[in-house]
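The values are calculated or read from the model by the stated rules, or taken from the named source; none is laboratory data. Everything numeric here is computed off the predicted structure, so don't read it as measured data. Methodologically, a virtual Cβ is constructed for each residue, glycine included, from the backbone with ideal geometry; neighbour enumeration extends over all protein chains shown. For accessibility, only protein heavy atoms count, side chains too; no ligands or nucleic acids. Shrake-Rupley method; radii C 1.70, N 1.55, O 1.52, S 1.80 Å.
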Amino acid sequence: MIQQLKAAFLNVIPEVEQTMNYASYDMETTPLAQALNDAMSAPFFGEKRLVFIDRAYFLTTENHRGSKIDHDIDGLIKYLDHPEPTSIVVFFATTGKLDSRKKKSLRLLKKAAEVISLEAVGERQIRSLVQQNLKQAQFEIDPEALNLLLQRTGTDLSLIMNELPKLKLASAESKQINKTVVAELVSKSLDQNVFDLVNDVMGKHIEAALNLYRQLILTKEEPLRINAVLVSQFRLLIQTKILMRNGYSQGSIASSLKVHPYRVKLAMQSVRHLELAHLRQAYLGLINIERSLKSTSQDPELLFELFMLKYLNEVA
């Protein structure tokens, strides 16, 4: 969505004028004063000058990650008192929250600027955005295909938008994107593969679980990384199970755990028929795998196979 915003602003400046009347400054590497000097300049053979100020962490609670650049906040306050009318200056503060302690600069900024807040996009909004995008291109997508697209991308809007062009190309004749096309063209993310792996473990499908684990190893996924994602997923399942027992809703769980609501939705579907004791046993078994992977040279596939056999024996 930020990329779409940038593209929309750029459209204000004719392409032939952009070389002279558009500039983007990264506050991690460039002093704010340099960007403001540009903003105070009159446009060159044009009506407007466009200045992007990226990673404006000095307006937020975000730390500057060791940057030694000293930004001229007093200069910003002076500029905001008398902004250049022919310049469009856009601050992008995409991490952290606006810092209320910086009262004067924020008060002036809010007075002089239009503040656009981009919150985390929920599943319903993502579905709507995908369907709008396809409708504009005169395409449609089957409900099952859209569900699969969301699953395989983990509802990552950027990933989804990157996948749409090839789905459109593959469905150019029919203008209808179906589940088969999505299954063939959209690869599963590690998170999605691990989600399937968790279901195989909890469903006691030992052969399917071992085959999927081997496939992940063959695709050069690091065993420690696979295990870390597995541990994270089981932790989420345990937390979701406990919070559900205490009457928490999907939104409340997502807010409490600071997890995307779609992940919570899938977790809630998974744990309804699972025992908390079994989830705990699987979680502790994976912690033991992590300890072995870090302290020994044992084969990861053998460790996972032993984990599966021990787990099945304990829950039998």
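With respect to the stated conditions, LEU230 is open to solvent by less than 30 Å² (accessible area, probe 1.4 Å) and either of a type in the set (Phe, Trp, Tyr) or within 22 Å of HIS260 (Cβ to Cβ) (or both).
Residue-by-condition table, conditions (1) open to solvent by less than 80 Å² (accessible area, probe 1.4 Å); (2) touching a helix residue (DSSP H, G or I) at 6+ places or on another chain (Cβ under 7 Å); (3) among the charged types (D, E, K, R):
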| site | (1), (2), (3) |
| --- | --- |
| LEU108 | yes, yes, no |
| ILE116 | no, no, no |
| GLN125 | no, no, no |
| GLU140 | no, yes, yes |
| LEU146 | yes, yes, no |
| ALA172 | yes, no, no |
| LYS179 | no, yes, yes |
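Scanning segment 113-131 for residues that are part of a helix (DSSP H, G or I) and either among the β-branched types (Val, Ile, Thr) or over 16 Å from LEU5 (Cβ atoms) (or both) returns GLU123, ARG124, ILE126, ARG127, SER128, VAL130, GLN131.
Inside segment 1-30, residues that are assigned to a helix (DSSP H, G or I) and within 24 Å of MET161 (Cα to Cα) make up a count of 9. Looking across segment 196-242, the residues that are free of Cβ contacts under 8 Å to residues at least 24 places away in the same chain and assigned to a helix (DSSP H, G or I) come down to ASP196, ASP200, GLU207, ALA208, ASN211, LEU212, GLN215, LEU218, SER232, GLN239.
Do we find that LYS166 is outside any helix (DSSP H, G or I), farther than 22 Å from HIS273 by Cβ, among the charged types (D, E, K, R) and open to solvent by 60 Å² or more (accessible area, probe 1.4 Å) in this structure? Considered against the rule, which asks whether it is outside any helix (DSSP H, G or I), farther than 22 Å from HIS273 by Cβ, among the charged types (D, E, K, R) and open to solvent by 60 Å² or more (accessible area, probe 1.4 Å), LYS166 comes out as no. When we screen ARG127, ARG101, ARG107 for residues that are among the charged types (D, E, K, R) and at pLDDT 80 or above, the only hit is ARG127. Here ASN313 fulfils each of the conditions (1) over 29 Å from LEU157 (Cα atoms); (2) touching a helix residue (DSSP H, G or I) at 6+ places or on another chain (Cβ under 9 Å); (3) open to solvent by 70 Å² or more (accessible area, probe 1.4 Å) apart from (2). All of (1) at pLDDT 90 or above; (2) at negative phi; (3) among the charged types (D, E, K, R) hold for LYS175 with one exception: (2).
Counting the residues of segment 11-23 that are in contact with a strand residue (DSSP E or B) (Cβ under 7 Å, 6 or more places away or on another chain) and surrounded by fewer than 16 Cβ atoms within 10 Å (Cβ to Cβ) gives 1. Taking segment 24-38 as the range and being surrounded by 17 or more Cβ atoms within 10 Å (Cβ to Cβ) and in contact with a Lys or Arg (Cβ under 7 Å, 6 or more places away or on another chain) as the test, only MET27 passes.
Condition check ((1) among the acidic types (Asp, Glu); (2) in contact with a Ser or Thr (Cβ under 6 Å, 6 or more places away or on another chain); (3) over 30 Å from VAL121 (Cβ atoms)) across all residues:
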position	(1), (2), (3)
ILE2	no, no, no
ASN11	no, no, no
PRO14	no, no, yes
GLU17	yes, no, yes
TYR22	no, no, no
THR29	no, no, no
LEU32	no, no, no
PHE58	no, no, no
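Residues in segment 35-58: is at least one at pLDDT below 90 and not in a loop (DSSP other than H, G, I, E, B)? Scanning segment 35-58, I find at least one residue that is at pLDDT below 90 and not in a loop (DSSP other than H, G, I, E, B), so the answer is yes.
Taken over segment 272-290, the residue count meeting the criterion of being of a type outside the set (A, V, I, L, M) and open to solvent by less than 30 Å² (accessible area, probe 1.4 Å) is 1.
The single residue among LEU212, LEU197, LEU266, LEU216 that is within 21 Å of the chain's Cα centre (by Cα) and buried (at least 16 other Cβ atoms within 10 Å of the Cβ) turns out to be LEU266. From the list SER252, SER295, the one residue that fits, being within 30 Å of the chain's Cα centre (by Cα) and modelled with pLDDT under 95, is SER252.
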